[in-house]
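Some notes on the structure that comes next.
The values are calculated or read from the model by the stated rules, or taken from the named source; none is laboratory data. Quick caveat: nothing in here was measured; it's all calculated off a predicted structure. Counting neighbours? That spans all protein chains shown, and the Cβs are built from the backbone with ideal geometry, glycine included. The accessibility values were calculated without ligands, DNA or RNA, using every heavy atom of the protein model including side chains. Shrake-Rupley method; radii C 1.70, N 1.55, O 1.52, S 1.80 Å.
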Amino acid sequence: MNENQIGRLLAGVWSDAHEPAILWQAGALVLCLAAAWWLARLLQWRAPDDSTETLKRGAAAFRRVVFPLLAMLLLVAGRAALGHWYISNLLSVAIPLFGALVGTRFAAYLLRLGFSSVGWLETFERSIATLVWVALALHLTGVLPEIVNWLMEVEFTAGKHQLSLWTLLSAAFWIGVTLLLAMWAGAALEARLMRAAGLHSSLRVVFARLGKAALLIVAVLVVLPLIGVDLTVLSVFGGALGVGLGLGLQKIASNYLSGFIILLDRSIRLGDMITADNQYGEVTKITTRYVVVRSLAGVEAIIPNDTLVTTTVLNHSYSDRSVRLVVRVQVAYGTDMAGVLGLLLEVARRHPRVLQDPEPTAQVLQLAESGVDLELGFWIRDPERGSQNVRSDISVDLLAVFSARGIEIPFPQREVRMLQGNSGGQVSNSAAS
């Protein structure tokens with residue numbers, strides 16, 4: 001049904017508005033919509049949680065189009081039934097409008113699935129579908145050309161160029177469309193780069209970010225001349241952007257530049273264990289503005305890239321992910337040192353996370369006041385899983401082994417002498433506590 005047919009139908013509706021027959025058409029319209037709403041509530045079906053992803057998406061698409069689809073079908077049936085007595089111009093106008101609503105809702109859902117990485121599309125999916133449907137309805141009813149003519153009459157000057165409000169709105173619309181296409185192409189490029197096993201993970205992120213930025217810039221530069229906007233107009237906005245960067249946005253620009261430096265020199269990589277800005281943890285995400293460091297307690301710190309470039313960063317896994325841990329213990333002076341050192345090594349080797357190469361080491365640390373201090377040193381390759389839990393496991397195992405072997409862990413001891421002067425000399429008593 002074309003625009004001229006819709007125009008004739010609207011003229012017929014206006015003519016019918018002066019006749020009693022319009023009441024029958026309005027009643028049939030309300031009855032069809034109420035029945036469609038009731039049936040749509042009955043047919044609202046959600047796929048079980050254990051269903052396939054295809055079935056879940058199909059059910060979600062059906063829920064979006066079931067009401068306008070039922071309304072369109074019932075209106076067709078109502079027009080056929082009412083057509084025996086009256087000309088149903090009102091129903092004939094409503095049928096293509098609900099058909100357009102079916103198409104826009106389905107297209108918006110497909111758009112959301114195609115750009116699943118763009119989070120805001122999920123939030124504004126219904127709003128986007130409604131706006132597109134309103135524009136389509138205005139076009140079908142012939143109202144849109146009148147609005148366009150009014151927008152074209154509203155003009156203002158930008159530098160030496162005369163722009164209309166319609167030009168700006170159409171430019172914003174087509175820029176939005178091309179940006180969506182550019183983001184979709186950028187997401188596809190990023191997914192392909194992330195699967196490239198021959199590239200380092202940091203280089204994949206760099207190329208993905210550069211590819212997205214290049215696609216967005218090309219999209220804007222291509223669409224503006226096509227809709228009649230002179231690119232020289234952008235020089236005004238470019239100057240304003242330069243002033244903004246120089247005055248208030250230099251820190252943000254520094255973060256973005258530092259992000260590319262970090263990704264290119266690969267000083268910090270995904271999975272590294274670092275200490276930066278008094279935060280220790282695993283690097284779980286690197287963006288062009290910040291780095292996410294997840295601590296062993298599960299707390300995520302968002303550190304600006306500029307901080308990582310301008311301050312000292314301790315990378316505990318820069319050249320080797322292995323980390324050395326120590327457990328210190330004290331034994332009594334009468335203990336067989338060779339046997340105890342062997343037990344320490346045996347306990348360390350039993351733990352599944354302790355590396356055998358380099359081997360664990362056990363050494364006498366110092367001869368202390370109350371006993372002999374020993375140190376057990378060992379290496380692990382997965383510090384992101386925690387280090388204190390390994391120390392705790394080995395300490396518990398050591399206590400059990402020492403208890404079974406009768407090895408004493410001494411308490412602090414002090415010798416106190418009490419001197420009493422008399423004619424026969426001095427008497428001393430010693431006590432240990």
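Data table
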| quantity | calculated |
| --- | --- |
| Residue list for the stretch 46-73, filter: part of a helix (DSSP H, G or I) and either touching a Pro at 6+ places or on another chain (Cβ under 6 Å) or open to solvent by 50 Å² or more (accessible area, probe 1.4 Å) (or both) | Glu53, Thr54, Leu55, Lys56, Arg57, Phe62, Arg63, Arg64, Phe67, Leu69, Leu73 |
| Considering residues of the stretch 12-23 that are modelled with pLDDT under 70 and part of a helix (DSSP H, G or I) only, the residue most open to solvent (accessible area, probe 1.4 Å) | Trp14 |
| Residues of the stretch 27-45 that turn out to be modelled with pLDDT of 75 or more and either more than 17 Å from Val76 (Cβ to Cβ) or open to solvent by 70 Å² or more (accessible area, probe 1.4 Å) (or both), as a count | 8 |
